1. So, with a 1.4 angstrom probe, what is the percent of accessible area on the chain that is carbon and sulfur?
2. For every helix of n ≥ 4 consecutive DSSP H residues, a contribution of -39,500 (n - 2.57) applies; sum these over the chain, divide by its total residues, and give [θ] at 222 nm rounded to the nearest 500 deg cm²/dmol.
3. Can you give the Rg to Rh ratio for the chain, taking only C-alpha atoms and Rh from Kirkwood?
4. Would you look at the GNM of the chain, springs on alpha carbons closer than 10 Å, and say which of 149, 91, 21 moves the most?
5. Any idea of the accessible area per residue across region 73-167, 1.4 Å probe, to the nearest Å²?
6. Stretch residue 98-residue 24 to full length: gain in nm at 0.36 nm per residue minus the Cα-Cα span?
7. Under the Karplus relation 6.51 cos²θ - 1.76 cosθ + 1.60, θ = phi - 60°, what is the ordered set of whole-Hz ³J(HN,Hα) values for region 84-93, x standing for Gly and Pro?
8. Using alpha-carbon pairs under 8 Å, 6+ residues apart, how would you state the relative contact order of region 71-202 in percent?
Amino acid sequence: ESYEYCISKDEGFSTERVGNYVHAVYNPDGSIGSVIYLLDSGEYSRYTWSYVLEDQVKWYKETSELLQEYNDGKVINGMMAFHVPMVENKYAYENRDNKDIVSDWNGLRNEVINCADYESGLFDAILERGDIKAVVTGHDHLNDYCYNYKGVKLAGSPTVSDFGYHSADIQGARVFDLNAETVGTNIPTYVRYLIERLNPND
């Protein structure tokens with residue numbers, strides 16, 4: 001939080017998880033144009049990777065409903081970010097060639113999608129509310145895939161850091177372009193690779 005451009009907050013409703021909050025992105029007229037939900041997905045459970053908990057799913061749904069009420073009954077679209085992928089990310093990869101489930105995809109799954117083999121209910125809540133158009137996760141340092149799974153972009157972001165395992169040709173950060181024209185249906189996203197900055201003419 002001491003960094004100049006940091007908007008993260010070490011706070012939240014959950015005693016077990018910190019950093020659960022929603023960040024509003026405002027239009028020039030002061031109205032809310034979109035929102036970004038940030039969740040603490042934890043690290044490990046006893047035998048597997050951790051996942052977003054039931055009270056966090058409940059909080060997201062209630063917050064989404066409150067924002068809709070605040071916005072004169074209109075749903076405020078946006079995106080969500082947390083660390084450990086959902087099991088639905090793995091389902092999207094497994095069904096990537098089924099156009100009825102995955103309408104389009106790009107990027108690579110260079111390593112196994114490390115997620116809990118458990119449906120936490122978060123993705124079902126996202127589909128029910130209909131406001132989240134993209135979910136980005138990290139955790140897997142070598143993945144830069146993006147699957148449009150059941151109408152929601154499930155995107156992996158590779159690591160931008162030299163700490164931990166990494167690969168120079170896939171090192172970078174995923175960028176999302178939240179704007180009034182696209183946030184309602186399709187939030188553009190791409191990965192900006194570090195190698196592009198090191199070798200701008202390549």
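1. Details: 5600 of 11480 Å².
Carbon and sulfur: 49 percent of the exposed surface of the chain.
2. Details: 4 runs with 38 residues, N = 202.
That comes out to -5500 deg cm²/dmol.
3. On the way: Rg = 16.9 Å, Rh = 17.7 Å.
That ratio equals 0.95.
4. Residue with maximal mean-square fluctuation among 149, 91, 21: 91.
5. Numbers: 4120 Å² over 95 residues.
Heavy-atom SASA per residue in region 73-167 reads 43 Å².
6. Details: separation 74, 0.36 × 74 = 26.64 nm, distance 3.45 nm.
So the chain would gain 23.2 nm between residue 98 and residue 24.
7. Karplus-based 3J(HN,Hα) across region 84-93 equals 8, x, 7, 5, 5, 4, 5, 4, 4, 4 Hz.
8. Values: 240 pairs, mean separation 31.0, N = 132.
RCO, region 71-202: 23 percent.
The values are calculated or read from the model by the stated rules, or taken from the named source; none is laboratory data. No experiment lies behind these values; they were computed from the predicted model shown. In case anyone asks, the SASA skips ligands and DNA or RNA and just uses the protein heavy atoms, side chains included. Shrake-Rupley method; radii C 1.70, N 1.55, O 1.52, S 1.80 Å.
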